[in-house]
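Before any comments, here is the structure.
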Amino acid sequence: MALPGLWRLPLLLLLLLGAVALGQAGQMNLMSPYNVQVHAVNTNFTLKWKWDSQKDFEVTFSAQYQRIAEDDEEEEEETDWKEIPGCQNVTVTECDISSEITDYFSFYNVCVRAEKGEKRSPCSITFLFRPYFIAEIGPPGVQLESIDGVVKITVSPPEKSQSRKMWSNEDITFTYNLESWENSSNIESKTRIIQRRETIYDLAPGIIYCLRVQARITSEKKVGSFSPVSCVKTSEKARNALPYPMNVKVHALNMKFLLTWDNQYDQNVSFIVQYLCAYLKSLQEDDLDKWTVVPGCENITTTQCDFSKIILGGLYFLRVQAINGYNKSRWSNEVKVDPCVVNEIGPPNVTVSSSEDSLRIQLTAPRTENDSISECYDLTYQILYWENSSALKKTKQQPLLLFTISDLKPSTLYCLQVQAFSQVYIKYGHFSEMECIRTLDAKTSPLAILTTFVIAMIAFFFLASVFGFGVYYISRRIRYAFFPSCKPPSNIECLGGQPFVSLYLSTSEEPTDNCCIIENIVTEETNQTDFKDYKHSKQSSRDSGNYSNDDDTSGTKVSEEMLEQETS
Amino acid sequence: MATMCLLNICLVLLFSTEIYSLDCKMLHLQQNKVNMKSLELLSKMGGQFPLQCLNENRNVGFLQKVLRPTESQKENAKLIILEIFQQIFNIFSKNLTQAAWDRSFIQSFQNGLYQQIEQLEKCLHSERENEIPYLGNEKILFPLLKLKKYFERIGDFLKEKQYSLCAWETIRWEMERCLLFVDQLTERLQN
């Protein structure tokens, strides 16, 4: 504010005067209520405030509110101030504002003013709150049932029968703290976390057992108020009743699950085993009809039941009943099964080979039906190995199925065992059987042996193939030369009754005479016989041939050709 | 048979290593498995998205829009996953008669979610036992509120459509997105 200096003084004076005037008026007016707060249990909101003046029955209070809504982009939008219907002209210092609080996740602003006749106080300092954050959890409902020496507890969520709910998915959001004690004894109360339906076993008969329950939202660290204390007398053990199966336990190896129990019966007794998916225990409806018979475990006479087939992920409850004719025992204590936790991991399959200074280990994961083990664990493997003569054992861990342990001594006996390990469940599997193997001698390095062998093999095959090919080639050439597969045309073959022969064969029966032609002789004996003339002309025509007649092979060839020409 | 049983018991006793439950530091590994399995079951239970439902008004918004993965820091990633799982569990506990989905797959799906909810609660409980309640700790609780609002809208959508086949198919499709979002969050559990 850049007001000129001259203007400042009168302005200040004016403000001062105004304040004094207001102060005088305030003495006449009513004070505002203070310490305004909202308390909430479930969806019940109570507005409370304080008012200091001496009891003045003529003073009444009225409250108003404003909602501040946010959208997904976190932009706020304020509504106008509205009067709260149930909080107009009330004479006490609290009122119920539940009807106006409908959006539990938005902010609300509330304020209260005092009124006396015509006078109205300014509205108090506002109280800003987000209903969900200030709401407390009310007490849950508890139902107790005492049958056959056990106490069955059924807890109902704090807002069970209400249409408006602060805790929207009450079935799964709540777990409950159970505080229980025996009424007559001085033993301190026990506290534990339970689900909506819980059975308390191992209680002495005929005692009074008391408990109270509070709801909790573990994730938000919210704990509600306790239910009223309820007590129940445990029932006496019924006489002549068929005892229920005891010591019910789960054994599991490589995802094969076995339920076992003690055989304590003299008579002919059969058993029935039932299971329940754990999530059904948290739901509204009663779980009585949800228990299902484990296939293959109905009316069995053995004291064990294989229930691997029902395990499809998740938690389960199991229970057993003994039956003798029409006489049925009560159901055994329920056993909760977390398959991945209870399962024992069997040994992996191990194959070892050795070299001079290392061991190579090939593993196969523990075998299970339909690969269910991998749904629980990402296994790593731990190898325990040691020199047979020493007690010092070393370990190695890795997630792969192929191990190499190097830097070992040559020609030494090493032993090893392998076990699988699940990091998530901190669970070690069973050890494989001990395998012992001797590393190879240092002099004959297996690598050297291997390379020599491989080189020798390559050389052998190379030579063998060269030799084989050579033989084949030569035989082909020979066959081609001496026994050609092609036949000459029949007219050639049959001419003069002379069979066709290879051109390469020398014809011994047709030797060619070595002839010399001396030109001057011919000129001298001009009057010779016709025959002589003929011969002469013939010889002259093959003049050049005579000169090259020294060469044997070509000579024979040429002579052959000539012979053929003559005959044709 | 009895000897086999005895042998089994002996084996178990002989090799029995202490049975622990899960290590919360390694939760992300197990969470990954649950995410994958749940996604698989979700797609198995109903098969292809029916063509006649393509025109269905999907006015429920997207979780990714409601809650950006960056908003959830490491400390409340577990909390957010737990909230999402609880909300999905709650939705699939509603009136499913018109959905015409395979009951055994729904059961496995719910049972798996339930197990993980218990697990996450256990881990949160053990980690935060000595911490003060979050009441008023807006930074931690604020994303939860957004989620609650979002799932409230989904609940209202189903109610409004009277849990019809197409409404359920739309929601199944939307829940698949939720699980993929959880998968992104799971990475934050790792460090």
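Values as computed for the structure displayed
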| item | result |
| --- | --- |
| Prolate/oblate/rounded label for the stretch A:249-310 (Cα gyration tensor, a/c 1.5) | oblate |
| Under-5 Å amide H pairs with A:Arg120, H placed in peptide plane, nonlocal only | A:Leu30 |
| At most 15 other Cβ within 10 Å, DSSP loop - GluC sites (Glu not before Pro), the stretch A:375-436 | A:Glu433 |
| Relative compactness, the stretch A:23-135, computed as alpha-carbon Rg over 2.2 N^0.38 Å | 1.13 |
| Other protein chain Cβ atoms within 10 Å, averaged over every residue that makes up A:150-160 | 0 |
| Under Karplus coefficients 6.51, -1.76 and 1.60, residue-wise ³J(HN,Hα) of the stretch A:238-244 in Hz, glycine/proline x | 5, 6, 6, 6, 5, x, 7 |
| Peptide A:422-435, shielding by other chains (average Cβ, 10 Å cutoff) | 4 |
| Charge sum, other residues only, whose C-beta stays under 14 Å from A:Asn254's C-beta, Lys/Arg counted +1 and Asp/Glu -1 | -2 |
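Quick note: the coordinates plus some simple rules give every number you see, no bench work behind them. All values derive from a computational prediction rather than experimental measurement. Using ideal geometry, Cβ is built from the backbone for each residue, glycine included, and neighbour counts are taken over all protein chains shown.
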